[in-house]
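Bear in mind that the values in this text are calculations on the coordinates, not laboratory data. For clarity, every value in this text was computed on a predicted model and none was experimentally measured. Every residue, glycine as well, gets a Cβ built from its backbone with ideal geometry; the counts of neighbours run over all protein chains shown.
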Amino acid sequence: MTTDACVFCQIATEQLPSDVVASDDEFLAFRDVQPRAATHVLVVPRTHHDHLDAWVEAGGSSDRMLAFVRGVASKLDVAGKYRLVTNVGEGAGQVVGHLHWHVMSGPRLPGF
């Protein structure tokens, strides 16, 4: 997939609108349009990586990304009570081919 065709690349570069929760020069957090929990936010890197494995292979800073996620959880007032999930590949349920983390919280989270 080219980054021009990637919906998360378009959101990350603000070509498509989203309900932004937090952003910096490396990451963007926005509300999922099909939430599966009371709080359901997606965190994406602004640069395109197909999934977590590709991110790591490219030398992406997982520490930096997780620190951003933690800040998002604090901003949403769900620190200490959220689920963090990423899917790697279609076989694991990844729908959009751009690395993204689901930050979910609420009274009843979907099971695995």
Residue check for Asp25: surrounded by fewer than 18 Cβ atoms within 10 Å (Cβ to Cβ), outside any loop (DSSP other than H, G, I, E, B) and over 13 Å from the mean Cα position of the chain (by Cα): no
Residue among Thr39, Thr86, Thr47 that is over 30 Å from Pro107 (Cβ atoms) and surrounded by 13 or more Cβ atoms within 10 Å (Cβ to Cβ): Thr47
Per-region count, region 63-112, residues outside any strand (DSSP E or B) and under 11 Å from the mean Cα position of the chain (by Cα): 11
Enumeration of residues in region 60-70 that are surrounded by fewer than 16 Cβ atoms within 10 Å (Cβ to Cβ) and either under 18 Å from Asp32 (Cβ atoms) or of a type outside the set (Ser, Thr, Tyr) (or both): Asp63, Arg64, Leu66, Ala67, Arg70
Residues of region 88-108 satisfying the condition of being of a type in the set (Gly, Ala, Ser) and closer than 22 Å to Ala5 by Cβ: Gly89, Gly91, Ala92, Gly93, Gly97
Inter-residue pairs, beta-carbon under 6 Å, first without any contact (Cβ under 8 Å) to a residue 60 or more places away in the chain and closer than 10 Å to Leu52 by Cβ and in region 81-102, second hydroxyl-bearing (Ser, Thr, Tyr) and assigned to a strand (DSSP E or B), 6+ apart: none
